[in-house]
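Worksheet: one structure, shown below.
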Amino acid sequence: MKLLGIDVNRSTNEYLVEKHDGDVAVRVSLSEIAGISKPEVERIICEQPFQDVTDFYLRARPSRRTLEKLALVGALDAVAGIEGEAAVHNRSDLLVKIRQLAAKAAPKLDANQLSFDLKNLDQLPVGNAPISKEMELESELAITKMDITRHQIEKFQQMLDEMGVVRAGELIGIRSNTEVLVAGVRVATQTPPMRSGKRVVFISLDDGTGLADATFFDEAQRRCSNLLFQNKLLLISGKTRRTGVRGVSVLAENAWDLRQLWQQWQQRAS
């Protein structure tokens with residue numbers, strides 16, 4: 001099921017199910033923004049919908065830090081009119097506009113005052129270099145602890161394809177005892193007590209197509225024990241092992257830091 005990013009006109013304090021491109025998707029909650037306060041969330045929900053960025057700033061009254069975080073994760077893209085490749089402005093332009101707005105405290109609006117057109121106050125500056133997709137993803141991870149718009153592993157996909165790395169969703173179709181490479185984000189590490197007294201490490205990697213489970217016994221641990229508990233992005237080599245009718249795991253032989261491999265691959269490519 002697809003995850004939809006935070007949107008100040010659509011998100012609430014809960015995850016919502018929405019129709020998206022003819023399918024069902026889940027809209028991420030405003031509460032996933034690190035550091036956002038409960039009153040800020042409540043004001044955003046109460047004041048929805050917003051016409052533009054200035055309207056949002058004046059009526060939702062977020063702190064400058066919250067406003068910048070919302071901009072960095074794309075929560076203001078729709079109200080700022082910067083969605084899609086044809087957009088004239090970008091998130092860098094939006095951040096400059098936000099700094100201009102936040103230079104002074106937002107005035108409290110009188111409920112009895114006449115409404116007025118804010119469009120002339122909401123012109124975004126132009127000419128600022130756009131934020132790279134990698135920086136957008138890093139901001140998303142730092143602010144929400146999730147990769148919502150794109151998976152972290154996509155950055156490395158060309159290198160992984162050249163190396164013949166198998167995706168987690170493909171493991172079910174591979175015969176037992178086949179040598180494979182799997183890669184992904186380490187989402188779980190377990191070292192349960194064993195009767196033998198020897199430590200066994202179980203690693204689960206998420207690559208966007210599913211989970212690849214790898215088991216490290218003594219010899220494999222000696223080769224790469226420094227990586228198993230420290231690194232989030234891993235490449236693991238090993239042999240497939242059937243664990244059931246629909247179950248496949250990898251009996252690991254070695255592991256590498258995916259970021260280091262990426263840097264080496266880029267250097268060779270250049």
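Couple of notes before you dig in:
- Meeting the requirement of 2 or more residues that are closer than 28 Å to residue 134 by Cβ and hydrophobic (A, V, I, L, M, F, W, C), the strands (runs of 3 or more DSSP E) wholly within region 1-75 are 2-4, 23-27.
- Taking region 150-181 as the range and being closer than 16 Å to residue 243 by Cα and either assigned to a helix (DSSP H, G or I) or in contact with a Pro (Cβ under 8 Å, 6 or more places away or on another chain) (or both) as the test, the residues that pass are 168, 169, 170, 171, 172, 173.
- Only one of the listed residues (79, 73) is under 21 Å from residue 27 (Cα atoms) and touching a Ser or Thr at 6+ places or on another chain (Cβ under 8 Å). That residue is 73.
- Test result for residue 152, among the polar types (S, T, N, Q), within 25 Å of residue 139 (Cβ to Cβ), buried (at least 16 other Cβ atoms within 10 Å of the Cβ) and in contact with a helix residue (DSSP H, G or I) (Cβ under 9 Å, 6 or more places away or on another chain): yes
- Test: residue 53 is buried (at least 21 other Cβ atoms within 10 Å of the Cβ) and modelled with pLDDT under 95: yes
- Given (1) closer than 30 Å to residue 4 by Cβ; (2) touching a Ser or Thr at 6+ places or on another chain (Cβ under 7 Å); (3) at pLDDT 95 or above; (4) not polar (S, T, N, Q), number of the condition residue 253 does not satisfy: (1)
- Total residues in region 249-270 satisfying the condition of being in a helix (DSSP H, G or I) and buried (at least 16 other Cβ atoms within 10 Å of the Cβ): the figure is 4.
- In the set (1) assigned to a helix (DSSP H, G or I); (2) over 22 Å from residue 151 (Cβ atoms); (3) touching a residue at least 60 places away in the same chain (Cβ under 8 Å); (4) of a type outside the set (A, V, I, L, M), the condition left unmet by residue 246 is number (1).
- Qualifying residue in region 8-15 (condition: in the same structural domain as residue 141 (by TED's automatic domain parsing), surrounded by 14 or more Cβ atoms within 10 Å (Cβ to Cβ), over 14 Å from residue 148 (Cβ atoms) and small (Gly, Ala, Ser)): no
- Selection from region 202-229 of residues that are among the charged types (D, E, K, R) and over 24 Å from residue 154 (Cβ atoms): 218, 219, 222, 223
- The set of residues in region 228-248 that are surrounded by 20 or more Cβ atoms within 10 Å (Cβ to Cβ), in contact with an Asp or Glu (Cβ under 9 Å, 6 or more places away or on another chain) and modelled with pLDDT under 95 contains only 248.
The values are calculated or read from the model by the stated rules, or taken from the named source; none is laboratory data. On a predicted model such as this, the values are computed, not experimentally measured, just so you know. Glycine gets a Cβ as well: all are built from the backbone with ideal geometry, and neighbour counts include every protein chain shown.
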